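Only one structure is covered here, and it is reproduced in the block below.
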Amino acid sequence: MARRKPIFVKIVPEQTKAYSTSCQICNLYDAIFECNMCKKITCLRHTITTKLRAHYCHDCVNNNEKYIYIQAVINADRKAVLPGKIMQKILTCMSLEWTRKKKVEPIFC
């Protein structure tokens, strides 16, 4: 069996900042999100999340050119499509909520 040659990896200084655990906006808190537009790693305080789990940083939201596209994604998330409306009406009918005048709260022991 032949021996394999090792593969050497060169680390570029610009790429090392992507591996840090701090937020690239404030550099104070641990980063857990990545912006979908600019790929910055951000903390919870500097991230805006949509319903479909798209994350955007405060820099992209405050940028007038990028904000138009972000607002379009947010509006598309809010839009209820026809299958979603039909499914919600079916669930309402099956749960018999429409027969009750006020909502029944569960009793916790």
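The values are calculated or read from the model by the stated rules, or taken from the named source; none is laboratory data. Since this is a predicted model, take the numbers as computed values, not measurements. Ideal geometry is used to build each Cβ from the backbone, glycine not excepted, and the neighbour counts take in all protein chains shown.
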Could you look through segment 24-49, keep only residues that are of a type in the set (D, E, K, R) and surrounded by fewer than 13 Cβ atoms within 10 Å (Cβ to Cβ), and pick out the one that is farthest from Val73 (Cα to Cα)? Asp30
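Rundown of residues vs (1) assigned to a loop (DSSP other than H, G, I, E, B); (2) in contact with a strand residue (DSSP E or B) (Cβ under 8 Å, 6 or more places away or on another chain); (3) among the small types (Gly, Ala, Ser); (4) modelled with pLDDT of 85 or more, yes/no style:
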{"position": "Cys26", "(1), (2), (3), (4)": "yes, no, no, yes"}
{"position": "Met37", "(1), (2), (3), (4)": "yes, yes, no, yes"}
{"position": "Lys51", "(1), (2), (3), (4)": "yes, no, no, no"}
{"position": "Asp59", "(1), (2), (3), (4)": "no, no, no, yes"}
{"position": "Ala76", "(1), (2), (3), (4)": "no, no, yes, no"}
{"position": "Trp98", "(1), (2), (3), (4)": "no, no, no, no"}
{"position": "Lys102", "(1), (2), (3), (4)": "yes, no, no, no"}
{"position": "Glu105", "(1), (2), (3), (4)": "yes, no, no, no"}
If I ask for residues that are among the hydroxyl-bearing types (Ser, Thr, Tyr) and more than 20 Å from Ser22 (Cα to Cα), which ones from segment 32-73 would you list? Thr50, Tyr67, Tyr69
Within segment 80-96, how many residues are at pLDDT 70 or above and under 23 Å from Ala54 (Cα atoms)? 4
